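The values are calculated or read from the model by the stated rules, or taken from the named source; none is laboratory data. Predicted model, so just to flag it, every value in this text is computed and none were measured. Cβ placement follows ideal geometry from the backbone for every residue including glycine, while neighbour counts extend to all protein chains displayed. The protein model used for the area step is the full one, side chains on, heavy atoms only, and it has no ligands, DNA or RNA in it. Shrake-Rupley method; radii C 1.70, N 1.55, O 1.52, S 1.80 Å.
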Amino acid sequence: MDSTNRTDATDRTRLPWHGVIVATSLPFGRDLAVDFGAYGDNVAWLAGQGLHGVAPNGSLGEYQTLTVEERDRVVETAVAHAPEGFTVMPGVGAYGAIEAKRHAQFARDAGCQAVMCLPPNAYRADDRAVLEHYAAVASAGLPVTAYNNPIDTKVDLRPELLAKLHAEGFIVGVKEFSGDVRRCYAINELAPGLDLVIGTDDTLLEVAVAGAKGWVAGYPQVFPRACLDLYHASLAGDLETALPLYRKLHPVLRWDSRTEFIQAIKLGQDMIGRTGGVCRPPRQPLSPENEAVVRSATRSLIDAGVN
């Protein structure tokens, strides 16, 4: 399967939040300033590998450590390096609705096709606050993919709450990061028109089988073609192709769900000759033990010709 030349009718009619949308890491220089040149090169390279889009300013992009001006320029850089038909779906995560809406408006004006939005994460918001939050972001005018990450935030976008958000017209999809594949079936039952998006690399096959329409992914920026092949085979229900490849990739994919996921993926980028580099504080380098595990798993795949 040649993932780099997929231009069939399905791809031409793809909705912006469908397909493999890469949650991009963000390169920093030695002074920890954003390396916008390297970031633009990475976006253009991902497009050239046949991936469907990028999601800048998400967790992998260390958005919490960026200034408003840096976040804006990251979005502008992604748009500038995105060819026609390549999605730019920025994360607009923020403490409150005013700030999140502002980021969504900037994304709209910059030429993005959609946004990805966490619930308010300053405190444990109740359902009323969550509905108000997404109403504000949706009012910017771009399609909104919710991002459910109860592990790192204080709010769980439960299936019944997602159904309310979708019924109100506030969201078109959900990046499901809970790791609980069972809730994917509940989401499909309660909100059949809401698009399920794979949110954890190490549950790709299971969520794909549950009816996913897309994958907001980390490891395609290390193994883009293998991840594309895995994605297409999984959505097609081609387990003969998908399962062996999934098992082969899983030693690295599982790092996407761990605390050190950014450091692990950046190390992988460095190992294939892309720019990953260091993280901003408070994130520290991988411990020697974890680095050895990640490096060994990544090297085994590279040596096996996985790319």
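Key figures
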| quantity | calculated |
| --- | --- |
| Filtered residues of the range 135-158 (kept if buried (at least 24 other Cβ atoms within 10 Å of the Cβ) and touching an Asp or Glu at 6+ places or on another chain (Cβ under 7 Å)) | 148 |
| Search result, residues across the range 110-133 that are open to solvent by less than 10 Å² (accessible area, probe 1.4 Å), in a helix (DSSP H, G or I) and farther than 12 Å from residue 161 by Cα | 133 |
| Candidates 194, 228, 204 - the one that is in contact (Cβ under 8 Å) with a residue 60 or more places away in the chain, aliphatic (A, V, I, L, M) and touching a strand residue (DSSP E or B) at 6+ places or on another chain (Cβ under 7 Å) | 228 |
| Meets criteria (in a loop (DSSP other than H, G, I, E, B) and surrounded by 18 or more Cβ atoms within 10 Å (Cβ to Cβ)) for residue 264 | no |
| Qualifying positions in the range 165-207 - within 20 Å of residue 121 (Cβ to Cβ), crowded, with 18+ Cβ neighbours inside 10 Å and charged (D, E, K, R) | 175, 176, 183 |
| Residues satisfying the stated conditions in the range 54-79, i.e. in contact (Cβ under 8 Å) with a residue 60 or more places away in the chain, under 16 Å from the mean Cα position of the chain (by Cα) and outside any loop (DSSP other than H, G, I, E, B) | 59, 60 |
| Selected residue (only one of 210, 264, 217 is under 24 Å from residue 90 (Cβ atoms) and in contact with a strand residue (DSSP E or B) (Cβ under 8 Å, 6 or more places away or on another chain)) | 217 |
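To keep it simple, each residue is scored yes or no on (1) open to solvent by less than 20 Å² (accessible area, probe 1.4 Å); (2) within 23 Å of residue 47 (Cβ to Cβ); (3) among the β-branched types (Val, Ile, Thr).
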site: 235; (1), (2), (3): no, yes, no
site: 242; (1), (2), (3): yes, no, no
site: 256; (1), (2), (3): yes, yes, no
site: 303; (1), (2), (3): no, no, no
